[in-house]
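The values are calculated or read from the model by the stated rules, or taken from the named source; none is laboratory data. Everything numeric in this text was worked out from a predicted model, so none of it was measured. Note that each Cβ is placed from the backbone with ideal geometry, even for glycine, and that neighbours are counted across all protein chains shown. Please note that ligands, DNA and RNA were not included when accessible areas were found on the heavy atoms of the full protein model with its side chains. Shrake-Rupley method; radii C 1.70, N 1.55, O 1.52, S 1.80 Å.
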Amino acid sequence: MNTRLLLSAAMLAALFGTSAAADSHADGCTFEAEIPDFTQEQIDALYACVEAELLENYTSGDNEVAAVYREWGHAQTGPAAPGFHGGRFLNTFVNDVGYDAYIQYEEDDESFEMPVGTVIAKESYTLRENAPRRGPLFIMTRVATDEAPDTDGWVYSAVQPNGNPMSISQAFCHDCHGGFAFSDSLGYPAVEVRLGAE
Ligand code: HEC
């Protein structure tokens with residue numbers, strides 16, 4: 001756990017006091033708001049609460065990635081406690097073209113390139129008022145570098161929880177991802193949940 005997460009845990013504790021109510025909901029889908037202190041059991045329980053609904057929501061439009069990503073290779077053992085992407089829980093899937101390359105988690109090679117045709121989809125969700133709140137499905141598609149020269153060969157997109165495309169800025173996404181220069185712009189899941197890690 002990094003310092004920033006510890007700090008925000010302390011801030012949440014100060015805001016909510018010490019008398020956080022125990023989970024009293026029969027559905028088990030109410031959680032105390034101190035996400036940075038979540039145990040693996042709580043992380044798993046939260047995912048169980050959103051798993052089916054996320055898929056139903058993302059596929060309620062006609063997005064082609066949403067329709068198939070759950071059949072792809074899973075790049076992590078499960079969601080990790082939130083860090084990036086607005087403090088959301090994240091869960092990453094990679095299509096067959098890119099899966100083997102992705103789970104090398106290369107981050108030390110400036111010439112590393114993911115295969116053209118790689119598509120990566122990442123579910124996101126968080127908590128609001130102690131209940132699960134669904135976030136977008138974030139997508140990155142690798143095309144030839146000269147087809148998307150401004151973003152080093154990546155095309156970014158996202159699906160809203162209502163199934164509609166989310167309007168995003170390529171530059172916004174790549175301003176951050178482009179900083180991962182030694183991993184072909186990939187950020188990768190938190191180390192403790194990486195599948196197939198070295
Ligand atoms: C402030 C930095 C930042 C911004 C802005 C950002 N990302 Fe990310 N993104 C990350 C980090 C860090 C990870 C790895 C975190 C994880 O998966 O736990 C990541 C992971 C991803 C992944 C999984 C592939 C990977 O990099 O390992 C996808 C897909 C993705 N982001 C899409 C997007 C899209 C689409 C946008 C724009 C709407 C976006 N990102 C904006 C930092 C950012």
Practice task
Confirm whether Glu106 is within 12 Å of the ligand (Cβ to nearest atom), within 18 Å of Gly187 (Cβ to Cβ), buried (at least 22 other Cβ atoms within 10 Å of the Cβ) and touching a residue at least 24 places away in the same chain (Cβ under 8 Å).
Solution key: no
Practice task
Determine which member of the set Val119, Val143 is crowded, with 20+ Cβ neighbours inside 10 Å and more than 14 Å from Gly87 (Cα to Cα).
Solution key: Val119
Practice task
Could you run through the range 31-67 and say how many residues are of a type in the set (Val, Ile, Thr) and open to solvent by 40 Å² or more (accessible area, probe 1.4 Å)?
Solution key: 2
Handout entry: Residue within the range 84-99 that is over 25 Å from Val50 (Cβ atoms), open to solvent by 30 Å² or more (accessible area, probe 1.4 Å) and either hydrophobic (A, V, I, L, M, F, W, C) or not in a helix (DSSP H, G or I) (or both) present
Key = yes
Practice task
Among the residues of the range 174-193, count how many are over 18 Å from Glu123 (Cα atoms), within 9 Å of the ligand (Cβ to nearest atom) and among the hydrophobic types (A, V, I, L, M, F, W, C).
Solution key: 2
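Just for the range 156-170: of the residues that are within 11 Å of the ligand (Cβ to nearest atom) and open to solvent by 60 Å² or more (accessible area, probe 1.4 Å), which one is farthest from Gln76 (Cα to Cα)? Reasoning before the result, please.
From the range 156-170, those within 11 Å of the ligand (Cβ to nearest atom) are 156-159, 166-170; that's our starting set.
Now restrict to residues that are open to solvent by 60 Å² or more (accessible area, probe 1.4 Å): 166-167, 170.
Details: Met166: 25, Ser167: 27, Gln170: 25 Å.
Top of the filtered list is Ser167.
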Exercise for the section: Kindly provide the set of residues from the range 58-81 that are under 16 Å from the mean Cα position of the chain (by Cα) and either more than 16 Å from the ligand (Cβ to nearest atom) or assigned to a helix (DSSP H, G or I) (or both), ordered by number. Expected result: Tyr58, Val65, Ala66, Tyr69, Arg70
Practice task
Could you list, in sequence order, all residues of the range 131-156 that are in a strand (DSSP E or B) and more than 13 Å from His177 (Cβ to Cβ)?
Solution key: Ala131, Pro132, Arg133, Arg134, Leu137
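Is it true that some residue in the range 153-176 is touching a His at 6+ places or on another chain (Cβ under 6 Å) and at pLDDT 95 or above?
First, pick out the residues of the range 153-176 that are touching a His at 6+ places or on another chain (Cβ under 6 Å): none.
Within the range 153-176, none of the residues are touching a His at 6+ places or on another chain (Cβ under 6 Å) and at pLDDT 95 or above.
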Fill in the blank from the handout: Log entry, pairs with first residue in the range 171-184 being of a type in the set (S, T, N, Q), second being open to solvent by 60 Å² or more (accessible area, probe 1.4 Å) and more than 9 Å from the ligand (Cβ to nearest atom), beta carbons closer than 7 Å, six or more apart or on different chains, reads Ser183/Glu107
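What about Leu90, is it closer than 22 Å to Asn162 by Cα and at pLDDT 95 or above?
Against the criterion (closer than 22 Å to Asn162 by Cα and at pLDDT 95 or above), Leu90 does not qualify.
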Exercise for the section: Being open to solvent by 60 Å² or more (accessible area, probe 1.4 Å) and more than 18 Å from the chain's Cα centre (by Cα) is the filter; apply it to the range 172-198 and report the residue that is farthest from His74 (Cα to Cα). Expected result: Phe182
